[in-house]
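As structure tokens, the structure follows; a few thoughts come after it.
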Amino acid sequence: MILRERSTLFDSLNRQLNDHSGMRDMMRNILFQGSRYSYNLYNEALHLGSMFGYMKNCDGSVAVSNRIFEMWLYNLFLSEDELKDQRDKIWR
């Protein structure tokens, strides 16, 4: 239910992802590729994600801070991929 409704929290997360492509790429790679990143706050994308509460330190590696954000990000990235696939089909 929480994931289906718009909220200022998700609006803020979406805005931060659009403003900071490094944070977007990092979160996408963690969720879809299983990538591991060392938790180092001198990495600007990680610093921002941690400061806003979207990322956390999990045994020295970066992780999405909670299951709600994981699911919301997963749904966002999937819907973006679906739209991109549809656009690509139209232009072929």
Selection over the range 44-75 where residues are part of a helix (DSSP H, G or I), open to solvent by 30 Å² or more (accessible area, probe 1.4 Å) and among the hydrophobic types (A, V, I, L, M, F, W, C) yields a count of 4
Subset of the range 21-35 [in contact with a helix residue (DSSP H, G or I) (Cβ under 6 Å, 6 or more places away or on another chain) and closer than 15 Å to PHE77 by Cα] | GLY22, MET23, ARG24, MET26, MET27, ARG28, LEU31
If you go through LEU78, LEU41, LEU31, the only one that is in contact with a His (Cβ under 6 Å, 6 or more places away or on another chain) and either surrounded by fewer than 17 Cβ atoms within 10 Å (Cβ to Cβ) or on the phi < 0 side of the Ramachandran plot (or both) is LEU41
Single residue of the range 1-43 satisfying the filter (part of a helix (DSSP H, G or I), free of Cβ contacts under 8 Å to residues at least 12 places away in the same chain and charged (D, E, K, R)) that is farthest from ILE68 (Cα to Cα) = ASP19
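The values are calculated or read from the model by the stated rules, or taken from the named source; none is laboratory data. As the structure is a computational prediction, the values presented were derived from the model and not from experiment. We place every Cβ from the backbone using ideal geometry, glycine too, and count neighbours over all the protein chains shown. Ligands, DNA and RNA are excluded from the accessible area calculation, which covers all protein heavy atoms including side chains. Shrake-Rupley method; radii C 1.70, N 1.55, O 1.52, S 1.80 Å.
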